[in-house]
Amino acid sequence: MNDVIRGGDGQGLRRDILTTLLPGFAGPEAPGWLLDLLAEGLGGVCVFGSNVVSPAQLAGLTAELRAANPLAVVAIDEEGGDVTRLFSDRGAPYPGNAVLGRIDDLELTRAVGRAVGEALVAVGCTMTFAPDADINSNAQNPVIGVRSFGAEPGLVARHTAAWVEGVQSAGVDASAKHFPGHGDTATDSHLALPVVDLPLEALQERELTPFRAAIAAGTRSIMTSHILLPQLDAEHPATLSPRILHGLLRGELGFEGVIVSDALDMAGASGGRGIPEAAVLALAAGCDLLCIGTDNTGEQMEGIAQAIADAVASGRLAPERVADAAARVRG
């Protein structure tokens, strides 16, 4: 293991690096490597359907995770609709965004957000990767569709804000996604890199409107998207783009909460470069908490941590950026 993350100040750097990482794992029981890394300061865990057997089992699992690290983020994709982990065996009992947008009752949307939050509190989850703040502006979009509140920016914005307010009123952090907007794509970023060839002025009028509303509503987190916006950054997808995250989200929109990457095992982020390099670039761009993916392993996490440490040692990544990211995750 590189000396930069062992001994002296290196231990502090290692802890900061681990705090930025959010892996998944296989099965309903926490593996030993995960509990060991949590005890060292791992930022948290992302819960998937494969980790859930029952509410009681999940509550016991999350209690074990938080016992290993009381500050750990226990995150989950629970949108209340088609995307559910708590109810993956039978479907969520809450209306999804498309239905809520069609009804257009903000109190109902706020109540659904709160109900989702209460269900998550009961099983020990602290963050949900929701609401989906994307505008459904492309009928050929293979991944958004009914996950969106609709196609009109104002409608999506007001329901995004209401859902954020509802879920956070129950004590669960929201993570509005997928910044700066995944609605106008016809490619699945799990499989490839979508391109949204729009000028900033068009994004300001449409895609960014719901994210401004989420920020005004106090969302504690925003999740990035693995999409390329060549008129803003022709080289890097949003998750890996300093111009989009540091310049646009932090600078122009004024967001001061936690920036979470979408899963780095998706082709839109790690295709052609691998997850460790994607992790380095995401941190450098402005991400604070790196969602790694599903079924991760201890060996994989050590490889990612080492790649980040090597980037610090070589001067590619400032240690202050890692420390800032870790501080935001710890809150």
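The values are calculated or read from the model by the stated rules, or taken from the named source; none is laboratory data. It should be emphasised that the depicted structure is a prediction, and the values quoted were computed from it without experimental measurement. When we count neighbours, we look across all protein chains shown, and the Cβ atoms used for this are built from the backbone with ideal geometry, even at glycine. SASA here: full protein model, heavy atoms, side chains in, ligands and nucleic acids out. Shrake-Rupley method; radii C 1.70, N 1.55, O 1.52, S 1.80 Å.
Of note:
- Estimated translational D of the chain in µm²/s (Stokes, Kirkwood radius over Cα pairs; 4 °C; 1.567 mPa s): 66 µm²/s
- Residues of the chain: accessible area per residue with a 1.4 Å probe, Å²: 36 Å²
- Using a probe radius of 1.4 angstrom, the carbon and sulfur fraction of the accessible surface of segment 154-253 is 52%.
- Cα-centre dipole for segment 8-330 with unit charges at Cβ (Lys and Arg positive, Asp and Glu negative), debye to 20: 420 debye
- Dividing the summed helix terms, -39500 (n - 2.57) for each DSSP H run of n ≥ 4, by the number of residues in the chain produces a 222 nm estimate of -12000 deg cm²/dmol to the nearest 500.
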